[in-house]
Amino acid sequence: MGGIRRRRRHRHRQGDHYAMKYDSHRQIILVGNPNVGKSALFGALTGKYVDVSNYPGTSVEVTRGEMRIDSETFILIDSPGVNSLVPRSEDEQVTLNIVTGSDVYGIVQVVDAKNLKRGLLITYQLVEMGLPLVVCLNIYDEAVERGIEINTDALQKSFGVEFIPTVAVSGQGVPELRVALKEMQVSHHKVRFHREIEESIEKISDKIETNRLNPRGLALNIIASGGAAVNVIKGKEDGFNEFVRKEISALNRQLPHTPGYEIQSTIINRVENQSHRFIKSHRKKQHPLKEKLGFLTMHRWYGLPFILLILFILYELVGVFGAGVCVDFIENQIFGGVEIVDGEDNFFGIINPVFIRVLSPLGHTGLSGFINDMLVGEYGVITIGLTYSIAIVFPLVTLFFIFFGLLEDSGYLPRLTVMSNKLFHHIGLNGRAILPMVLGLGCDTMATFTTRILETKKERQITTLLLALGIPCSAQLGVVLGMMSAISFGLLLIVVVVVASQLFIVGYGASKVIPGKTPALITEIPPLRIPKLKNIFYKTYFKVKLFMREAVPLFILGTLILFLLDRVQMLEVLERITAPIISGILKLPAESTQAFIVGFLRRDYGAAGLFQLAEKGLLDNIQITVGVTVMVLFVPCLANFFVMIKERGMRAAMLMSLFIVVYSVLIGGLLNVVLRFVLKI
């Protein structure tokens, strides 16, 4: 295996050899820091049998798949990337929940071989828990390229578990890892802490309820977390939480620093003192062009052109080619529909005309007419729900995830998040938020799903709010740019400035109101590399499959609701109710009310409705500017609203939507007053 030494297998006294008793319900957990290749290793071990879902009660994604070892099947779980098992964040709490679960057969810790010392901090936490463990030294080829040599024999002798070098993206080392999984061992390696901490560990250990895990490791986790881990680790009897609280309070009085700090410092010192036994660095191979390019992409000034280029390519690929060429072809040439020309039906496309003709004998009256209209009518499940979800969302999702995969596989993605970190920090976010924000320019529904990549609940709420408030999807953006550019570039600039300023103001305000802290951006900066098309294909396939499985039912549900509202004439009632607001505050004609309501079905329809009113001469330039500004700031489409409910919960989605409606109308009214005062109209 290129760059990876063959190893002798060791049987150490400190490691308990596990007899291989396969059980299809047993789980093997992948644990590791962010950006260490866990997903690539997961794919190499499982193939295509993948299920991605949120961990119960959270919005943290957990990936599950079936893994075959010889003739037996295991469940492999890819836990969230964490820097510690001490539960200070939602990701860390979910990972600790999974690791301490009752059906865990063993743990595969995935470590970036280039940053072994960082990975060993988690290794020490895992071995203290007494779980069967194999450590995977992943991305080993890049470690070799940097002149890093890892002594796996010394690591195995020290910890009593297997350390397997791998390159998951190419499959190197994966067969050896499968063999090691048959012979997983429990390490008895442990670290000695301050006397006061050791005494508390012993006291708390005696009161922990566990049949399998080492109570010492669980007690250590409770102390290091300041007691937060009691939400996961339970005691034998009532009063355990109060007992833990008193022990930690006593430690806080006895120690110069917090117990968590003392424990972390002791482990870090242990890693630093022993690292010379495990790691040797030699003169690395020189790759001047790649290293210089990597430096330029991270430079304070030279990195900006790269960001602009990446965002431009993304917009051209998803917003122009995807939303324009691909969507237009699929929507009109494949799905198609019917339009009335000179009083006659003119069919175009393939799929929808077939359904319309097949269902036409049902007529438009009675129960049969109800079914006909529900399926292929103005708000039909087929003509609207399926057409929009497949013709519009599918190409945008696919192209975005292809591009996202290229950024991820090339190593540029962490650079993009770092370069944008300062900008987003002012609104309570970090650099990771740039991904859903840019994606929102393609499809806000999809972008709201991708807020799952953000670490904290606060970040996900702020980003969801900003996406719903002021990020126009590509379809709406195209109509707005076309309409405003034809009228006045100056007025278009006003719309852009107003919307951008409101994003900043609302984001800043939300960061102060929504509880929680914004985590510092801690990310590994890998070297730039040539993307592997096979990896991108598989990642895109699974992500698109997951998204469509979640999004299509929401589009259909939204279409059904609009159909029923239209059927009972509630849309007309809504128009009559909202018309005074539109005319009174925004000073727009009553006819524009329908554009805002229809915009709730599809955002570009609302913008197109304003465009038609402008063509008829019903709107002056100020009304167009106000109308477009409010339309961009207005509530998202119905599909995105359902995704907001799914991701953030009913209460949060309703509060966000109510705020957006009121806020956008107030901003529109204020803009109207200011423009008429300044322009004296």
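The values are calculated or read from the model by the stated rules, or taken from the named source; none is laboratory data. Because the structure is a prediction, the values reported are computed rather than measured. So basically every Cβ, Gly included, is an ideal-geometry build from the backbone, and we count neighbours across all protein chains shown.
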| remark: Checked against (1) among the basic types (K, R); (2) in the same structural domain as V127 (by TED's automatic domain parsing); (3) in contact with a Gly (Cβ under 6 Å, 6 or more places away or on another chain), K207 satisfies every condition except (2)
| said: Let me confirm something: among F348, F312, F335, F321, which residue is closer than 30 Å to G440 by Cβ, aromatic (F, W, Y) and without any contact (Cβ under 8 Å) to a residue 24 or more places away in the chain? | reply: F312
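From the list E162, E149, E145, exactly one residue is of a type outside the set (K, R), surrounded by fewer than 24 Cβ atoms within 10 Å (Cβ to Cβ), farther than 17 Å from S275 by Cβ and not assigned by TED's automatic domain parsing to the domain that holds R529. Which is it? Don't jump to the end; show me each part of the working.
Numbers: E162 fails: surrounded by fewer than 24 Cβ atoms within 10 Å (Cβ to Cβ); E149 fails: farther than 17 Å from S275 by Cβ.
After applying the criteria, what remains is E145.
Hey, can you tell me all the residues within the stretch 253-262 that are free of Cβ contacts under 8 Å to residues at least 60 places away in the same chain and either within 37 Å of the chain's Cα centre (by Cα) or not in a helix (DSSP H, G or I) (or both)? Spell out how you get there, then give the answer.
Our first condition is that a residue be free of Cβ contacts under 8 Å to residues at least 60 places away in the same chain; within the stretch 253-262, this holds for 253-254, 256-258, 261.
Those that are free of Cβ contacts under 8 Å to residues at least 60 places away in the same chain and either within 37 Å of the chain's Cα centre (by Cα) or not in a helix (DSSP H, G or I) (or both): P256, H257, T258, Y261.
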| task | Please identify the pairs in which a residue from the stretch 443-466 that is buried (at least 22 other Cβ atoms within 10 Å of the Cβ) has its Cβ atom under 6 Å from the Cβ atom of a residue that is part of a helix (DSSP H, G or I) and basic (K, R), counting only partners at least 6 apart or on another chain. | result | T451/R460; L454/R432; L454/R460; T464/R648
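With the stretch 555-620 as the region, which helices (runs of 4 or more DSSP H) entirely inside it contain at least 2 residues that are closer than 22 Å to V480 by Cβ, charged (D, E, K, R) and at pLDDT below 80?
On the way: elements: 570-584, 593-599, 603-615.
Passing ranges, in order: 603-615.
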| message | Here is a check on your reading of the model: is L289 modelled with pLDDT under 75 and either within 23 Å of P395 (Cβ to Cβ) or not acidic (D, E) (or both)? | response | yes
| So V111 clears everything in (1) modelled with pLDDT of 90 or more; (2) out of contact with any Pro (no Cβ under 7 Å at 6 or more places or on another chain); (3) in a helix (DSSP H, G or I) except one condition, right? Which one? | (3)
| Got a number for residues in the stretch 204-245 being surrounded by 13 or more Cβ atoms within 10 Å (Cβ to Cβ) and basic (K, R)? | 4
| message | Suppose we filter the stretch 76-91 for residues that are of a type in the set (D, E) and modelled with pLDDT of 85 or more; how many remain? | response | 1
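So which residues in the stretch 136-161 are part of a strand (DSSP E or B) and without any contact (Cβ under 8 Å) to a residue 40 or more places away in the chain, if there are any at all? Give the derivation first.
Step one: of the stretch 136-161, the residues part of a strand (DSSP E or B) are 136-138, 148-150.
L137 - this is the single residue of the stretch 136-161 that is part of a strand (DSSP E or B) and without any contact (Cβ under 8 Å) to a residue 40 or more places away in the chain.
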| query | All but one of (1) closer than 30 Å to A608 by Cα; (2) crowded, with 18+ Cβ neighbours inside 10 Å; (3) among the hydrophobic types (A, V, I, L, M, F, W, C) hold for V497; which doesn't? | reply | (2)
| Among the residues of the stretch 161-180, how many are closer than 18 Å to D70 by Cα and small (G, A, S)? | 3
| request: Please determine, by comparing only the residues of the stretch 320-378 that are closer than 16 Å to Y388 by Cβ and among the β-branched types (V, I, T), which one is surrounded by the most Cβ atoms within 10 Å (Cβ to Cβ). | output: V376
| request: Give me the pairs, please: first residue somewhere in the stretch 557-584 and under 28 Å from G369 (Cβ atoms), second residue anywhere and crowded, with 17+ Cβ neighbours inside 10 Å and of a type in the set (S, T, N, Q), beta-carbon distance under 8 Å, and either six or more positions apart or on two chains. | output: E575/T593; E575/Q594
| request: Name every residue in the stretch 589-623 that is touching a residue at least 60 places away in the same chain (Cβ under 8 Å) and of a type in the set (K, R), in order of residue number. | output: R602, R603
| message | Condition check: in a loop (DSSP other than H, G, I, E, B) and among the acidic types (D, E). Does E242 satisfy that? | response | no
| said: One residue is enough: does the stretch 178-196 have a residue meeting the conditions assigned to a strand (DSSP E or B), at pLDDT 90 or above and of a type outside the set (G, A, S)? | reply: yes
